[in-house]
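The values are calculated or read from the model by the stated rules, or taken from the named source; none is laboratory data. The shown structure was predicted, so the numbers you read here are calculated from the model rather than taken from an experiment. Because the Cβ atoms are built from the backbone with ideal geometry, glycine has one as well, and the counts that use them run over all protein chains shown.
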Amino acid sequence: MSSNISSMLNNKIRFSGMASGLDTESIISQLMNVEKMKVDKVKQQKQALEWKKDSYRNITNLLRSFKDDYFNILKPESNMRSANTYISNTAASSASDVATATANSSAISTTHQISVTSLATAAKVTSTGVVTSALESNGAITDFNFGAGKTFSINLNGVVKSITVTGDFSGDASPIESLKTSLQNSIDNAFGAGKIAIGFSAVDNTIEFSTADGRITLTGSAGGALEQMNIASGSSNRLNANTYLSSLNIQGGLSGVLEFSINGQNFSFDTTTKTLNDLIREVNSSAANVTLGYSEITDSFTLTSKQLGAGETITIANTTGNFFGAGSAIKIGNTSVSNGTDAKFDLDGVIGITRSSNEFSIDGVSYKLLKEGASASISISKNVDEAYKKITNFIGKYNEIVDKLNGEYTQSKNRNYLPLTDEQREVMSESDIEKWEAKAKEGLLKGDSILNGVVSNMRYAISESITGVSKSLSAIGIKSTSYLDKGKLFIDEVKLKEALQNSPEEVMNIFSKESDIGYSRDLSSAQKKERYEESGIINRLYDIIEENISTIRNTNGKKGALLEKAGLAGDVSEFKNLLSEEIDNKSDLILTLNDKLYKKENFYYAKFSALEKAMSQMNSQSSWLAQQFGGGA
């Protein structure tokens, strides 16, 4: 019998393998899964809050975009608060080369007759002659033997041709004239007759290139034809504005420091470090209120006042150097110019009207005069189509917002789609995760009080009467057709266009009537009520939007309701808002639960370790007893 007991104990030990025979790791893992579910649940709650915050911010950005597009004075083409949106006028000219016009909302539909006697001009002074040094030989030509032919290039206003000089003219009666004739023939063949003229001096044996058609630039290689004619490569009959002032090929040359004043503004330029472009840019950007320019066509400078009219003058005083003044390199002396003139015209029978500019406004019409000694008719008419287009664009955007808010408010949440746990994400593909999370994000704002407040207030703003305005929005053809529309608006085109044509002021008041009380988030309840009742629907909507998305704190330290709830990226509310606080609390709770999880796991391992130790001791005792029984046999 003792032998049977010993055999049974030995089999038990061999079957278990370990002292207890338990799969400790598996058991603890299963026990911990129950504990991990608590952490996963909080993580899912945190993720849902983050999605909810994103949903609120999407609504905020939608309202911000709406406000920026339709309530912004810097966007007159779509600003629904402007009278010009509803009373749009078109001005048509019978002679657009004589005068053009535009009309604002205050212009009367009629036809104006305008006759232009003279245009307004600016004070102006121009060089008294060409300013560039002649493009000619620097010294007498002594070698007239051009051998088998030498070439150089001529650039005429961007067109480059290669010219070949061939022949030995040294034995001719007048070698310089023979060279001139050969060059002229070659150039005429290359560019056409009359484009570039060759001049010569039989007295000092020099050649000169000239044109009445702009810039000539000559280039050639060392030892070539230009060098033989004593003309430096790169020489031109016009100024190179990118060249230092001291190197300009200007008559008389420029050197040292140039100092002068224009209209009391002082200027100073070092000719060795400043280019002509530098000088022109500094003068033109200064408070002298003039424009200095160089013309390649006329090879001259012009100094023009930036303002038109008879009262405009230009006063020049040269101090050092020869840019202006006596012996001026640009041929403009010290002078005071007051030759600006006013525009003079007749309008609707009123003769001899003057303006200091060719662009001016009279009775809501902005005119632009273009031609002297001629007349034009300017017809002003209502532009109903333009006003209709702006209103329909606005209503379309309004409906988009109402749709979005209603959709978020009423969308049901699918309880079968919770945020995924880390373990669930590991076994799913990216596309499956994306599809799952799209479902899980549904219904996050269902029944939300802020969204309900925005939609409800917008619907009331559209439908409630306006103090001092006899008609409603529905009276001009804009209304909901059924309660099922949930606030969306529909337009009766015929009715709205008829209202815009016959009573545009009423349409304007329905939309953009201003209250005597200016908007502020700190108005009293009575002031808010009075402002609301006196305001057109655009200003009512503006107030509603501001109450929800304003980044400015009121006297209670609160920003707009949506920002207080979920914040706005780029604003201090981005991290300081109610949902961010809830998310932070969830993060803290996850840390606490993870700490408890760690301690719980250690607790289980300690318990199983004690169990194994006890079982090991019991097994040792059983083995001893088995040995004792076996020995007795």
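Annotations
- Answer from LEU568, LEU541, LEU489, LEU563 - the residue that is crowded, with 19+ Cβ neighbours inside 10 Å, in the same structural domain as GLY453 (by TED's automatic domain parsing) and touching a strand residue (DSSP E or B) at 6+ places or on another chain (Cβ under 6 Å): LEU489
- For the stretch 305-318, the criterion of being of a type in the set (Gly, Ala, Ser), surrounded by 14 or more Cβ atoms within 10 Å (Cβ to Cβ), outside any strand (DSSP E or B) and at positive phi is met by at least one residue.
- Of the residues ALA103, ALA83, the single one that is touching a Gly at 6+ places or on another chain (Cβ under 8 Å) and hydrophobic (A, V, I, L, M, F, W, C) is ALA103.
- Within the stretch 359-376, residues that are in the same structural domain as SER105 (by TED's automatic domain parsing) and in contact (Cβ under 8 Å) with a residue 40 or more places away in the chain have Cβ atoms under 7 Å from residues that are part of a loop (DSSP other than H, G, I, E, B) and among the charged types (D, E, K, R) in these pairs: LEU370/ASP97; LYS371/ASP97, counting only partners at least 6 apart in sequence or on another chain.
- All positions within the stretch 470-520 that are over 33 Å from the mean Cα position of the chain (by Cα) and aromatic (Phe, Trp, Tyr): TYR483, PHE490
- ASN242 being part of a loop (DSSP other than H, G, I, E, B) and more than 19 Å from ASN138 (Cα to Cα): yes
- Restricting the stretch 547-559 to residues that are within 27 Å of the chain's Cα centre (by Cα) and free of Cβ contacts under 8 Å to residues at least 60 places away in the same chain, the residue that is surrounded by the fewest Cβ atoms within 10 Å (Cβ to Cβ): ILE552
- Within the stretch 473-485, being surrounded by fewer than 17 Cβ atoms within 10 Å (Cβ to Cβ) and under 13 Å from SER503 (Cα atoms) holds for one residue alone: ALA475.
- Residue in the stretch 486-531 that is farthest from ASN393 (Cα to Cα), counting only those that are in a loop (DSSP other than H, G, I, E, B) and among the acidic types (Asp, Glu): ASP522
- Residue match in the stretch 240-249 (condition: outside the structural domain of GLY158 (by TED's automatic domain parsing), surrounded by fewer than 18 Cβ atoms within 10 Å (Cβ to Cβ) and in contact (Cβ under 8 Å) with a residue 60 or more places away in the chain): no
- Note on the stretch 131-168: residues that are loosely packed, with under 15 Cβ neighbours inside 10 Å and closer than 30 Å to ALA288 by Cβ amount to 0.
- Here ILE462 clears all of (1) modelled with pLDDT of 95 or more; (2) not in a loop (DSSP other than H, G, I, E, B) except the condition numbered (1).
- Restricting the stretch 580-597 to residues that are more than 30 Å from GLU564 (Cβ to Cβ) and surrounded by 12 or more Cβ atoms within 10 Å (Cβ to Cβ) leaves a set whose member that is nearest to the chain's Cα centre (by Cα) is ASN594.
- Test for LEU579: is it within 28 Å of THR467 (Cα to Cα) and either in the same structural domain as ASN72 (by TED's automatic domain parsing) or among the hydrophobic types (A, V, I, L, M, F, W, C) (or both): no
- Of all residues making up the stretch 347-380, the number that are within 22 Å of PRO504 (Cα to Cα) and exposed (fewer than 15 other Cβ atoms within 10 Å of the Cβ): 1
- Number of the exception - GLN424 against (1) over 35 Å from the mean Cα position of the chain (by Cα); (2) without any contact (Cβ under 8 Å) to a residue 60 or more places away in the chain; (3) not in a helix (DSSP H, G or I): (3)
- GLY214 small (Gly, Ala, Ser) and touching a residue at least 40 places away in the same chain (Cβ under 8 Å): yes
- Test: residue in the stretch 214-224 that is surrounded by 15 or more Cβ atoms within 10 Å (Cβ to Cβ), in contact with a strand residue (DSSP E or B) (Cβ under 9 Å, 6 or more places away or on another chain) and in a helix (DSSP H, G or I): no
- Lone unmet requirement of (1) charged (D, E, K, R); (2) in contact with a Ser or Thr (Cβ under 8 Å, 6 or more places away or on another chain); (3) modelled with pLDDT under 95 for LYS53: (3)
- Flag for LEU308 being closer than 19 Å to LYS331 by Cα and in contact (Cβ under 8 Å) with a residue 40 or more places away in the chain: no
- Listed by position, the strands (runs of 3 or more DSSP E) inside the stretch 91-200 whose residues that are of a type outside the set (Phe, Trp, Tyr), at pLDDT below 95 and more than 30 Å from SER366 (Cα to Cα) number at least 1 are 122-126, 150-156, 159-165.
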